[in-house]
Amino acid sequence: MTAAVEVSGLTKRFGSTTAVNEATFTVEENTIHGLLGRNGAGKTTLMQLITGQDFATSGSIRIFGEHPVENSGVLRRVCFIKESQKYPDDFKPKHVFESAPWFFENWDAELAARLIEDFRLPVNRRIKKLSRGQTSAVGVIVGLASRAPLTFFDEPYLGLDAVARQIFYDRLLEDYAEHPRTIILSTHLIDEVSSLLEHVIVIDDGRIIIDQDSDSLRGSATTVVGTGTAVESFIAGHEVLHLDRIGGLASATIGQLTPAERAAATTAGLELTPVSLQQLIVRRTGLATELEKSA
Amino acid sequence: MDESRPIFLQIAELIENDIIAGGLAEEEQVPSTNEFAAFHRINPATAGKGVNLLVDDGVLYKKRGIGMFVASGARERLLHKRRDEFRTEFVQPLISEAAKLGLSRSQLIAMIRDDENSIRKDDRA
């Protein structure tokens, strides 16, 4: 497999703030990656750096093996859908879709037309007059119909209702199956998108804290519930992501268990419950922040 | 899909269940990876991983350029495997829970008989 994106030791500072801190990761070609993290974790800055819209303080970036900054050969193959894209004042959605083929050589007008219908987008109304959700739909349509070899969606669905978001997910999967390409989806709606993702990158406080296959991440943690003493003796020696107590009961989130350990837990009268991807990321990002504070 | 377990394993189990229940007959073609992905709204690569797991297990086999098919003898082998798992996944927890509640062995057996009889009665009705 070849890499669509290779980032190494990437750092971006704004004055005394370090928005991206020594990020190193690789995105394989033709995968759907999730870039997850809390608000202000550095997701957008990271994507701006990768797409050559901002200069890194240090570190290196390669897109399809090339340096992205001021490199039209590479940037032609990249589509970046931003959370709050600005359009010229009197622009209507139809102007966006008419000009898109100038920038995206794989632009599929038929797909765009179908999506316009799906999202019931009024193409002749001025974008300024559109609702928040409709403006987001313009971005989503551009992102899908451009079929760029590397597409970034940065929180693309602000204001989109549940139906419209489901349309987005369905069309994304459908079109990706027919036209494989590299998609990086940044969001905090982890539960909604997690089954679409092949790989997950989690950024917290500028640092990459998880870079893993999403299926191996699923089931990589378990919650153990039982009496305080039983839970405590069971979790000794395990990495504890979270520990809660109520009365004589305790609930601990720990790493993956072997079948023998699971059997031992059941014998000890402990209850094991699985941890979803979203819960796991909440635990991990919460933990990283706590550790930071105590350090 | 259950968000807390690897999705490719769940896909493999769903296909296995379909074969055990007779929904997918031996030598019948199974849906494509993209069809599974669209139906379950999951990443096609993940669906492919589930299908490939069953190819490795000999439950499915690939016909070049046509697709995936259920291997002959797959149902019998799956039943065998599931019966082994039944013991660890159902019988053993049942026994340990019964012990926790102070149910004797004969009480447990009596319970199973009663329930079995009432379920059979329902089936006949």
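FYI, it's all coordinate maths here, none of it is from the lab. Keep in mind that what you see is a predicted model, and the values were worked out from it rather than measured. Every residue, glycine among them, receives a Cβ derived from its backbone with ideal geometry; neighbour counts consider all protein chains shown.
Looking only at segment B:12-36, count every residue that is at positive phi and within 14 Å of chain A (Cβ to nearest Cβ) and tell me the total. Step through it out loud before you land on a result.
Step one: filter segment B:12-36 for residues at positive phi, giving B:22, B:27.
Checking which are within 14 Å of chain A (Cβ to nearest Cβ) leaves us with none.
Residues that pass the stated criteria total 0.
Quick one: which helices (runs of 4 or more DSSP H) sit completely within segment A:20-125 and have at least 1 residues that are within 20 Å of A:LEU160 (Cα to Cα) and free of Cβ contacts under 8 Å to residues at least 12 places away in the same chain?
Filter on segment A:20-125 gives A:109-118.
Give segment A:183-208 a look and list any residue that's over 11 Å from the mean Cα position of the chain (by Cα) and away from chain B (no Cβ under 14 Å), or say none.
A:ASP204, A:ASP205, A:GLY206, A:ARG207, A:ILE208, listed by residue number.
Here is a yes/no grid of residues against (1) within 19 Å of the chain's Cα centre (by Cα); (2) exposed (fewer than 11 other Cβ atoms within 10 Å of the Cβ); (3) more than 14 Å from chain A (Cβ to nearest Cβ):
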| position | (1), (2), (3) |
| --- | --- |
| B:ALA38 | no, no, no |
| B:ASP57 | yes, no, yes |
| B:ARG64 | no, yes, yes |
| B:MET68 | yes, no, yes |
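Which members of segment A:150-182 meet the condition of being within 14 Å of chain B (Cβ to nearest Cβ) and either in contact (Cβ under 8 Å) with a residue 24 or more places away in the chain or in a strand (DSSP E or B) (or both)?
Residues satisfying the conditions are A:ARG165, A:ILE167, A:PHE168, A:TYR169, A:ARG171, A:LEU172, A:ASP175, A:TYR176, A:HIS179, A:PRO180, A:ARG181, A:THR182.
In segment A:134-180, what count of residues is obtained for those that are among the charged types (D, E, K, R) and closer than 14 Å to A:PHE80 by Cα? Walk me through how you get there before you give the answer.
Taking segment A:134-180 as the starting set, the residues that turn out to be among the charged types (D, E, K, R) are A:147, A:154-155, A:161, A:165, A:170-171, A:174-175, A:178.
Next, only the ones that are closer than 14 Å to A:PHE80 by Cα stay: A:147, A:154-155.
Summing the residues that are among the charged types (D, E, K, R) and closer than 14 Å to A:PHE80 by Cα in segment A:134-180 gives 3.
If B:ASP122 satisfies every condition in (1) part of a helix (DSSP H, G or I); (2) of a type outside the set (Lys, Arg); (3) under 29 Å from A:GLN166 (Cα atoms) but one, which is the exception?
Tallying (1) part of a helix (DSSP H, G or I); (2) of a type outside the set (Lys, Arg); (3) under 29 Å from A:GLN166 (Cα atoms), B:ASP122 fails exactly one: (3).
Taking segment B:60-83 on its own, how many of its residues are assigned to a helix (DSSP H, G or I) and within 16 Å of B:GLU35 (Cβ to Cβ)?
Selection size over segment B:60-83: 0.
Checking B:SER72 against (1) surrounded by fewer than 15 Cβ atoms within 10 Å (Cβ to Cβ); (2) under 24 Å from A:ASN30 (Cα atoms); (3) not β-branched (Val, Ile, Thr), which single condition isn't satisfied?
Result: B:SER72 passes all but (2).
Condition test on B:LEU9, is it out of contact with any Ser or Thr (no Cβ under 9 Å at 6 or more places or on another chain), closer than 30 Å to A:THR253 by Cβ and within 11 Å of chain A (Cβ to nearest Cβ)?
Working: out of contact with any Ser or Thr (no Cβ under 9 Å at 6 or more places or on another chain): yes; closer than 30 Å to A:THR253 by Cβ: yes; within 11 Å of chain A (Cβ to nearest Cβ): yes.
Yes; evaluated as a whole, the condition is true for this residue.
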